[in-house]
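Here the structure comes first, spelled out in structure tokens, and everything after it is commentary.
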Amino acid sequence: MRVANVLVADVLAELAVLVAPGVTTAELDAAAERLVRAAGAEPAFKGYRGYPATLCASVNEQVVHGIPSSRALVEGDIISLDMGVKLNGFFGDSAVTVPVGRISDEAAALLRVTRESLDHGIGQVRPGGRVSDIGHAIQAHVEAGGFSVVREFVGHGIGASLHEEPQIANYGEPGRGPRLAEGMVLAIEPMVNLGRPAVKVLGDGWTAVTRDGSLSAHFEHTVAVTKDGALVLTQRSAVGGGVRV
Ligand code: CO
């Protein structure tokens, strides 16, 4: 699990430094697939329920599952890069939302609060804890920041399959759901909207967008439950001159 997830982290870090005005999301997808295959791994999303690409590239009001295309990024956009791999029979999964050049203060706050909410969720991971403690912590931080949590998509267990039990909602009451135990591996992935929480899926059957057209951000880490708490398997080291992605 560690090897697959470190690969995901490394590829996302490489993609993040490619993000710039004029770059297309298809170019990012091609780079992702090349890097994954060069490492001897396979894209986990490509072919999953018919998903056509290695990367989910979700721009601005796109929440998740944006299909890479000839769309060129523009200064001021935000883009979620979400990628999974399969390596030696095990899956890795992580996502990061990055700015394209200079972004508005409002967009920057959305990225910061979403990333922080993931940290708060991860902070709840310990043996004996409950699954809903994670979502409760995420929701509390997001709403304190004035943003809203997407309800329709959830995090998940991960291992020899991309999606395993339990589902991990990003909201709810604490103290509910299965107990966490040492050795479990979880993909925790808050999706946070600047405006209202409602989303809809476009006619392509994949791209989820905010109903009100507001910006949306998404961060995801795969973490292992250890006796000392969470071990983040998709931790990204600083690249590109110390940009924290
Ligand atoms: Co995931």
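The values are calculated or read from the model by the stated rules, or taken from the named source; none is laboratory data. Predicted model only: the values in this text are computed from it and were never measured. Backbone-built Cβ (ideal geometry, glycine too); neighbour counts: all protein chains shown. Areas reflect the complete protein model, heavy atoms only, side chains present, ligands, DNA and RNA absent. Shrake-Rupley method; radii C 1.70, N 1.55, O 1.52, S 1.80 Å.
Of note:
- Residue satisfying condition, being part of a loop (DSSP other than H, G, I, E, B) and either polar (S, T, N, Q) or free of Cβ contacts under 8 Å to residues at least 40 places away in the same chain (or both), within set Ser69, Ser94, Ser80: Ser69
- Among residues of the stretch 153-202, those that are touching a helix residue (DSSP H, G or I) at 6+ places or on another chain (Cβ under 9 Å), more than 12 Å from the ligand (Cβ to nearest atom), under 30 Å from Glu106 (Cα atoms) and in a strand (DSSP E or B), counted: 2
- Restricting attention to the stretch 186-208, the residues being open to solvent by 10 Å² or more (accessible area, probe 1.4 Å) and within 15 Å of the chain's Cα centre (by Cα) number 1.
- Which listed residue, of Gln139, Gln124, is of a type in the set (S, T, N, Q), touching a helix residue (DSSP H, G or I) at 6+ places or on another chain (Cβ under 6 Å) and away from the ligand (no atom under 16 Å from the Cβ): Gln124
- Screening Gly146, Gly128, Gly135 for residues that are more than 14 Å from the chain's Cα centre (by Cα), more than 15 Å from Leu194 (Cα to Cα) and open to solvent by 20 Å² or more (accessible area, probe 1.4 Å) leaves exactly one candidate, Gly128.
- Top-ranked residue of the stretch 210-239 - restricted to ones that are β-branched (Val, Ile, Thr) and touching a Leu at 6+ places or on another chain (Cβ under 6 Å), ranked as nearest to the ligand (Cβ to nearest atom): Thr222
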